[in-house]
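To start, the structure itself, in structure tokens.
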Amino acid sequence: MDERLVYCPGCNHKVRLVVTEGHPDGQANLPEDAQVVCLDFGEGCSEGSCPVTGRPGVIMGVRLARSHLNDEAFRVVHGECASCGLLTSLEMVDEEHAVCPLCNSTNTYVIVDLEDGDAVAVTGT
């Protein structure tokens, strides 16, 4: 993968971009074509559109989460994946969307903050 530094007007500094390899054999939840992924996706990036790619911010977050190139970029909450049904550490892309690291599906959740400071994700309605 080729990593490049590109100026992001939304962040007002340079960010690291990579282009992922496509998966032409049509595997579930994996893109068929190469995609631009920002390795520096942050808290404010999920709102609006990415000024570098023009894609919705949440899409850029999902791309990074599915690539597993910077899992530390996401808040992690424990909950059941609505797609595969397994309990796991979900990677929160924004306040409503999480990516399951086991099956790479994107799900909508409601976050419930617990008294001890932890949080649990439950399937949104």
Going through the stretch 75-96 in order, the residues found to be more than 21 Å from Ile59 (Cβ to Cβ), free of Cβ contacts under 8 Å to residues at least 24 places away in the same chain and touching a strand residue (DSSP E or B) at 6+ places or on another chain (Cβ under 8 Å) are Leu86, Leu87, Thr88, Ser89
Single residue of the stretch 48-78 satisfying the filter (over 8 Å from the mean Cα position of the chain (by Cα) and among the β-branched types (Val, Ile, Thr)) that is nearest to Val110 (Cα to Cα):
Val77
Qualifying residue in the stretch 27-41 (condition: at pLDDT 90 or above, among the aromatic types (Phe, Trp, Tyr) and either in the same structural domain as Asp118 (by TED's automatic domain parsing) or more than 26 Å from Val122 (Cα to Cα) (or both))
no
Checked against (1) assigned by TED's automatic domain parsing to the domain that holds Met1; (2) farther than 17 Å from Met1 by Cα, Glu115 satisfies every condition except (1)
So is Val120 part of a strand (DSSP E or B), β-branched (Val, Ile, Thr) and either farther than 30 Å from Val6 by Cα or in contact with a strand residue (DSSP E or B) (Cβ under 8 Å, 6 or more places away or on another chain) (or both) or not?
yes
By residue number, the members of the stretch 58-74 that are assigned to a helix (DSSP H, G or I) and either of a type in the set (Asp, Glu) or touching a strand residue (DSSP E or B) at 6+ places or on another chain (Cβ under 7 Å) (or both) are Val58, Met60, Val62, Arg63, Leu64, Ala65, Arg66, Ser67, Asp71, Glu72
Quick one: in the stretch 76-105, of everything that is outside any loop (DSSP other than H, G, I, E, B) and surrounded by fewer than 15 Cβ atoms within 10 Å (Cβ to Cβ), which residue is modelled with the lowest pLDDT?
His78
For the stretch 7-23, give me each residue that is surrounded by 13 or more Cβ atoms within 10 Å (Cβ to Cβ) and either touching a strand residue (DSSP E or B) at 6+ places or on another chain (Cβ under 9 Å) or closer than 12 Å to Cys38 by Cβ (or both).
Cys8, Gly10, Cys11, Val15, Arg16, Leu17, Val18, Val19, Thr20
Pairs where the first residue, in the stretch 1-17, is in the same structural domain as Val37 (by TED's automatic domain parsing) and the second is surrounded by 16 or more Cβ atoms within 10 Å (Cβ to Cβ) and of a type in the set (Asp, Glu), C-beta under 8 Å, 6+ apart:
Cys8/Asp40; Cys11/Asp40; Val15/Asp40; Arg16/Asp40
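The values are calculated or read from the model by the stated rules, or taken from the named source; none is laboratory data. Quantities reported herein were computed from a predicted structural model and do not represent experimental measurements. For neighbour counting, all protein chains shown are included, and Cβ atoms are generated from backbone atoms with ideal geometry for every residue, glycine included.
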